[in-house]
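Heads up: the structure comes next, in structure tokens.
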Amino acid sequence: MHSDKYFMKKTLKLAQSGAGYTNPNPMVGAVLVREGKIISEGYHQYYGGSHAEIHAIEQAGRQAAGSTLYVNLEPCSHHGKTPPCCEAVVHAGISRVVCAMEDPNPLVSGQGIAFLRQNGVEVQTGVLRDEAMLLNEIFIKYIRTHHPFVILKSAMSLDGKIATRTGESKWITGEQVRQYSHQIRHQVSAIMVGVQTVIADNPVLTTRLQPDTGKNPARIIMDSHGRTPVSSNLIKTIFQGPVIIISSPDIPEKKTKTLKAMGAEIITVTETDRAAVLRELMPVLGERGIDSLLIEGGGTLADSAVRAGIVDKYLYFIAPLIIGGREALTPVEGEGVDEISRAVKLQKMSTRTMGRDILVEAYPFQEEVLDVYRDN
């Protein structure tokens, strides 16, 4: 007989199939098991669509009665886009539910489990809980704070350079990293760069996966003085994804009218220090349903994000190259700290190879997901 962990691993893998399509909802998978054999599977396929449990129950039909349901998140107990899943579980006659974690929404957490138990369903929680929390780290942050989960990404040489002294940066990392970067774009709600990146590189910032699949994030430009060229690729491709320009009141009115006429949204912020601007911006983006933000700009924007304390996760891609040069750009510019004790401390660091490159993934010590949200 397979263990609960065995079936939960399959459930988590199923849940990942919804990555990028369920935002701001979580990724959820469901597996129905009877007498040690899987009888049906399902996952939450897109925001507003049927939940994973419903897909699995409908596929199983009458066989669902007396079975065990494996699900990585507590079955919902409230009416949202769809009816409560816990009621469907009881109606189907499922006798046991194994869920990895409770719903982190403080308004509903535990109510689905309580409903199931009150109606005679055996419930076990905590199976592969840490893995389930990491899978839905974006949802956990957003549902509790209504601020986006922020990922800071950078690609650099082994000696920590993101470009040569002349500014050349294509391509430091290889094809596998570029494809993975597009997967990240597909999974987040928005991507942010500074206006200097727009002017220098003229990026599109869309998702280009092979084969031609993927969701485009909203493109956000930090541009306090309205320097974004109307002929830039971002403005030209505005039909492929929203463009949001974060500006100060100093932007010329004529430029504002032109950009708005071309379809861009202008958000005016009052702060002048860029770190303060980013802090002010987080609840504003959250109110717009942006649950996740990928920062892909250069070292100046990265410095602002680090100083603002908004980064939830660091992704550093390191290529086997030595660029050198004291004037070559580094991932985080600015003044930096003057004492090691004041450096940003990271933990839960992991590494893996991607072709010839290495991905280093880490979390800020104070904001580490599994500690911050476990006891809240």
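Against the test of being surrounded by 23 or more Cβ atoms within 10 Å (Cβ to Cβ), closer than 18 Å to D103 by Cβ and under 18 Å from the mean Cα position of the chain (by Cα), the options G29, G18 yield a single qualifying residue, G29. For region 163-179, residues that are within 23 Å of the chain's Cα centre (by Cα) and either surrounded by 19 or more Cβ atoms within 10 Å (Cβ to Cβ) or aliphatic (A, V, I, L, M) (or both) total 2. When K9, K5, K13 are checked against the criterion of being out of contact with any Ser or Thr (no Cβ under 8 Å at 6 or more places or on another chain), modelled with pLDDT of 95 or more and farther than 20 Å from R96 by Cα, a single residue qualifies: K13. Against the criterion of being open to solvent by less than 30 Å² (accessible area, probe 1.4 Å), farther than 30 Å from A328 by Cα and out of contact with any Gly (no Cβ under 7 Å at 6 or more places or on another chain), V284 does not qualify. Exactly one residue out of G42, G48, G66, G110 is open to solvent by less than 40 Å² (accessible area, probe 1.4 Å) and farther than 30 Å from A218 by Cα: that is G110. Residue-level analysis places L12 among those that are open to solvent by less than 30 Å² (accessible area, probe 1.4 Å) and assigned to a helix (DSSP H, G or I).
Out of T351, T256, one residue alone is open to solvent by less than 30 Å² (accessible area, probe 1.4 Å), of a type in the set (S, T, N, Q) and free of Cβ contacts under 8 Å to residues at least 60 places away in the same chain. It is T256. If the condition is being in contact with a strand residue (DSSP E or B) (Cβ under 7 Å, 6 or more places away or on another chain), hydrophobic (A, V, I, L, M, F, W, C) and assigned to a helix (DSSP H, G or I), then region 248-276 contributes only L259. Applying the condition of being assigned to a helix (DSSP H, G or I), open to solvent by 40 Å² or more (accessible area, probe 1.4 Å) and in contact (Cβ under 8 Å) with a residue 24 or more places away in the chain to region 69-104 and asking which residue is farthest from S3 (Cα to Cα) yields E87.
Taken across region 193-200, residues that are assigned to a loop (DSSP other than H, G, I, E, B) and more than 22 Å from P26 (Cα to Cα) do not occur at all.
Per-residue answers, yes or no, for (1) among the hydrophobic types (A, V, I, L, M, F, W, C); (2) closer than 13 Å to M222 by Cβ; (3) touching a Phe, Trp or Tyr at 6+ places or on another chain (Cβ under 6 Å):
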{"residue": "I245", "(1), (2), (3)": "yes, yes, no"}
{"residue": "K257", "(1), (2), (3)": "no, no, no"}
{"residue": "E265", "(1), (2), (3)": "no, no, no"}
{"residue": "R274", "(1), (2), (3)": "no, yes, no"}
{"residue": "E280", "(1), (2), (3)": "no, yes, no"}
{"residue": "E296", "(1), (2), (3)": "no, yes, no"}
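Is one or more of the residues making up region 115-126 open to solvent by 10 Å² or more (accessible area, probe 1.4 Å), within 22 Å of I143 (Cβ to Cβ) and in a loop (DSSP other than H, G, I, E, B)? Yes, region 115-126 contains at least one residue that is open to solvent by 10 Å² or more (accessible area, probe 1.4 Å), within 22 Å of I143 (Cβ to Cβ) and in a loop (DSSP other than H, G, I, E, B). Just one residue in the set D273, D250 is open to solvent by 70 Å² or more (accessible area, probe 1.4 Å) and modelled with pLDDT under 90; that residue is D250.
Against the criterion of being within 20 Å of the chain's Cα centre (by Cα) and at pLDDT 90 or above, L294 qualifies. Could you check, for region 218-225, whether at least one of its residues is at pLDDT below 90 and of a type in the set (A, V, I, L, M)? Checking region 218-225: not a single residue is at pLDDT below 90 and of a type in the set (A, V, I, L, M).
The values are calculated or read from the model by the stated rules, or taken from the named source; none is laboratory data. Owing to the predicted nature of the structure, the values given are computational and were not obtained by experimental measurement. When we count neighbours, we look across all protein chains shown, and the Cβ atoms used for this are built from the backbone with ideal geometry, even at glycine. In case anyone asks, the SASA skips ligands and DNA or RNA and just uses the protein heavy atoms, side chains included. Shrake-Rupley method; radii C 1.70, N 1.55, O 1.52, S 1.80 Å.
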